[in-house]
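*Asks:* Let me give you the structure first, and then I'll get to my questions.
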Amino acid sequence: MARTTIYAANWKMHKTIGEVEAFVQTFSNYDLPTGDHEVVVFCSFTGLPVLRSLASHLGGTYGAQNMYFEVQGAFTGEVSPAQLRDVGCTWVLVGHSERREIFGESDELCRKKVQAAFAHGLKPMLCVGETLDERRAGKLFDKVKTQVVAGLDGVPAERLADMAVAYEPIWAIGTGETATGAQADEMCRYLRGEVAKLYGADAAGTLRILYGGSVKPGNAAELMAFPDIDGALIGGASLKPDSFRDIIVAGSGK
Ligand code: PGA
């Protein structure tokens, strides 16, 4: 089935308020291809009100890079799903490898966050991926399958269309080392097969599975050409409006 491609910017811990404004102003002047794709920007909490006020210029939706799963309460330093809705978020990243590796987020915590996102009308983008050691040891499929199965636990089939999975091999993030199209496609196809075992092929066909890890204007066309890769989650190359645009342009030749 046809799935709308997603080009998602993950700005990580970058951009002041002024820099968010400047990005949107420049980006809104571009003549982007009108093909069947969706633009999403994942920004720091402090930039979200700026994206809300400039939403009509962004030409897409936006979301947070993290949240807690509880509705409210004594969780100093955390941000709730309701607060993200309040500032106009459509999406939320769940379980980015930097959250898992640096902040110790577990599969169980990610599962709760996916559930909380849906309960509050947010679309979760669940990030999964293996380390280089795991790939070398041939454990990549088991690792990523475990993360996806845990994250989807409790998600009904009809919600798969309202979320996404981002396959981001950890060894390819921020390293300049991209998975080859064949490696990315192999994992995305494998994951769709595993999701089909849980939900059936029709429902699995509604889930967007993105690739992330050193996506750049120069490799976007190759990666996006694979039928099971439904978009890109882009870190470094999304920080400048022109390179984010160039990735969208290159990919939408699809
Ligand atoms: P990168 O980051 O594009 O800089 O490799 C991707 C990500 O971490 O989402």
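The values are calculated or read from the model by the stated rules, or taken from the named source; none is laboratory data. Please read all numbers here as calculations on a predicted model, not as lab measurements. No Cβ is skipped: glycine too gets one built from the backbone with ideal geometry, and neighbour counts run over all protein chains shown.
*Asks:* Go through the range 33-67 and report how many residues are of a type in the set (Ser, Thr, Tyr) and under 14 Å from Arg85 (Cβ atoms).
*Replies:* Summing the residues that are of a type in the set (Ser, Thr, Tyr) and under 14 Å from Arg85 (Cβ atoms) in the range 33-67 gives 2.
*Asks:* Of the conditions (1) on the phi < 0 side of the Ramachandran plot; (2) out of contact with any Phe, Trp or Tyr (no Cβ under 6 Å at 6 or more places or on another chain); (3) of a type outside the set (Val, Ile, Thr); (4) buried (at least 18 other Cβ atoms within 10 Å of the Cβ), Gly95 fails just one. Which one is it?
*Replies:* (1)
*Asks:* Still on this structure: Across the range 77-116, which residue is nearest to Thr131 (Cα to Cα) among those that are more than 16 Å from the ligand (Cβ to nearest atom) and of a type in the set (Val, Ile, Thr)?
*Replies:* Here the answer is Val114.
*Asks:* State whether the residues of the range 88-108 include one that is of a type in the set (Val, Ile, Thr), over 17 Å from the mean Cα position of the chain (by Cα) and assigned to a helix (DSSP H, G or I). Spell out the reasoning first.
*Replies:* Residues of the range 88-108 that are of a type in the set (Val, Ile, Thr), as a first pass: 90, 92, 94, 102.
Among the residues that remain, those that are also over 17 Å from the mean Cα position of the chain (by Cα) are: 102.
Checking which are assigned to a helix (DSSP H, G or I) leaves us with 102.
Yes, the conditions are met somewhere in the range 88-108.
*Asks:* So which helices (runs of 4 or more DSSP H) stay within the range 146-254 end to end and still have 1 or more residues that are out of contact with any His (no Cβ under 6 Å at 6 or more places or on another chain) and within 14 Å of the ligand (Cβ to nearest atom)?
*Replies:* Working: elements: 181-199, 201-204, 217-224, 241-251.
Output list reads 181-199, 217-224, 241-251.
*Asks:* On the given criteria, is Ile102 buried (at least 17 other Cβ atoms within 10 Å of the Cβ) and closer than 30 Å to Gly88 by Cβ?
*Replies:* The answer is no for Ile102.
*Asks:* Are there any pairs with C-beta distances below 6 angstrom linking a residue in the range 172-186 that is crowded, with 17+ Cβ neighbours inside 10 Å to a residue that is at pLDDT below 90, with the two at least 6 apart or on different chains, and if so which?
*Replies:* Ala172/Thr178; Ala172/Ala179
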